[in-house]
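Nothing in this text is a laboratory measurement; each read-out follows from the coordinates by a stated rule. Because the structure is a prediction, the values reported are computed rather than measured. Don't worry about glycine lacking a Cβ; one is built from the backbone with ideal geometry, like all the others, and counts go over all protein chains shown.
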Amino acid sequence: MRAMPRFRLLINGLMAVTIAVCLSGCAGTASTSASHNPPPSDPPPAPATAPAITTHPESVAATVGASATFTTAASGTAPLTYQWKKNGNSISGATSSSYTTPAAALADSGTSFTVVVSNSAGSATSNPAILTVNAAAPRSYSTKFLNTENPISEGGNWINGGGTGLDWANVRTTSGLAYGTQSGSAGFDDSTAVLKGPWNSDQMAQGIVHSVNQNGNISEEVELRLRTTITAHSITGYEFNFRALATGNTYVQIVRWNGTLGSFSLLAETVGPGIHDGDVIKATAVGNTLTAFVNGVQLVQTTDGSFMNGGPGIGFFNQFGAPEVDADYGLENFFASELSN
């Protein structure tokens, strides 16, 4: 048998092929043989990188009732998971890169917060961040009654005896003066207004008295209120009243209001010293101790613990006088504050 011619080809430099060709007259069958190299494969994936904290949470100071937010940042192969801890104990649901506490209490001061960041390659724990909780500043309110309103509102800060209590009269204001709206003949429906809450139980109120055209035949009282709550058909709390009269039958009283119209109890009373235009009247409630002052001098004090909630406010009483005399007495300004936290 004749030898068959053989041809060798290179294809793209990768495959060597030898071909034997049977020419005319050759016996047998042509045969081929081939060999090749496999294409290169992708490189293996890089190993996962363990987390590293790049931004540690910082310590935070908050006031009582406020919340605090801690944040972190970390590097490492995704996905990263987060778990915040409070004093070493995991916080349920705190699994993001930031954590916001509930409203803080004084007992929370000094609490330590950390975060653990994890992935498939490991975990990293942040430095601790400390929560400091400070007592809230005492609440206070000050006004010179600059608006003309009936009833007094000052942006929704006041609750009135007529508008909300229904059975009493409202307080009204003109520029620089707050005064009552009583008819003078309806009994103990004192014009009353109190500040919206909440307020701590220890509180004070004071104001500068306006008093002109004084008349001993009319009972005109300027009142401060503490721990007072007004709801429909009910006013509870403490009234500190000062008769707007310089001489004669002058008095200062501390009265507990028990709820319904006309239900009150006289707790303490003193004669004098007489009230003049421009005098400063003041009332305090600290624990069970209730105290009234004129121009910084303590005049009468008593104890009663029936009411510990409610806010400070003002009131005016007109008995035997026509409505036209309501503006003869009132308050030119008013200040109230919590005394403790």
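Things worth noting here:
- Candidates 151, 43, 323, ranked by Gaussian network fluctuation over the chain, Cα under 10 Å, top entry: 43
- In this calculation the C-beta distance from residue 58 to residue 120 is compared with R0 = 35 Å, giving a FRET efficiency of 0.75.
- Across segment 62-74, rounded Karplus estimates of 3J(HN,Hα) from the backbone phi angles (6.51 cos²θ - 1.76 cosθ + 1.60, θ = phi - 60°) give 9, 8, 3, x, 9, 9, 10, 10, 10, 9, 9, 9, 8 Hz, Gly and Pro being marked x.
- Length gained on full extension, residue 112 to residue 306: 65.7 nm, using 0.36 nm per residue less the C-alpha separation.
- Taking 0.36 nm per residue of separation and subtracting the Cα-Cα distance, full extension of the segment from residue 258 to residue 166 would add 31.6 nm.
- Distance (nanometres) between label positions extended 7 Å along Cα→Cβ at residue 231 and residue 87: 3.7
- Residues with amide H under 5 Å from that of residue 62, placed H, sequence gap 5 or more: 132, 133, 134
- Rounded to the nearest 0.05, the FRET efficiency derived from the C-beta distance between residue 50 and residue 134 at R0 = 35 Å is 0.35.
- Whole-Hz couplings from phi, Karplus 6.51/-1.76/1.60, listed for segment 311-324; x for Gly and Pro: x, x, x, 9, x, 8, 10, 10, 10, 6, x, 6, x, 5
- 3J(HN,Hα) from dihedral phi, segment 230-245, Karplus parametrisation 6.51/-1.76/1.60, rounded to Hz, x for glycine, proline: 10, 9, 4, 6, 8, 9, 10, x, 10, 10, 10, 10, 10, 6, 7, 8
- Loop sites by DSSP among the chymotrypsin sites (Phe, Trp or Tyr not before Pro) of the chain, restricted to those with at most 15 other Cβ atoms within 10 angstrom, leave 1-187 as the longest stretch without any of them.
- Just so you know, the averaged projected area of the alpha carbon convex hull for segment 140-338 sits at 9.2 nm².
- A Förster radius of 51 Å, combined with the Cβ-Cβ distance separating residue 186 from residue 340, puts the computed FRET efficiency at roughly 0.85.
- For the residues 269, 58, 223, a GNM of the chain with alpha-carbon springs under 10 Å puts the largest fluctuation on 58.
- Neighbourhood charge, 11 Å Cβ-Cβ cut-off, centred on residue 220 and excluding it, Lys, Arg +1 and Asp, Glu -1: -3
- Note on the chain: Cα Rg divided by 2.2 N^0.38 Å, N the number of residues, gives 2.11.
- Extension gain, residue 295 to residue 276: 0.36 nm times the residue separation minus the Cα-Cα distance gives 5.8 nm.
- Taking label positions 7 Å along the Cα-Cβ direction at both residue 95 and residue 320, the computed distance is 7.7 nm, reported to one decimal.
- Relative contact order of the chain, defined on C-alpha pairs under 8 angstrom at six or more residues apart (%): 16
- Translational diffusion coefficient (Stokes-Einstein; Kirkwood radius from C-alpha pairs) of segment 52-134 at 20 °C, 1.002 mPa s, in µm²/s: 166
- Candidates 77, 335, 195 compared by Cα position along the dipole of the chain: farthest toward the positive end lies 77, with charges placed on Cβ.
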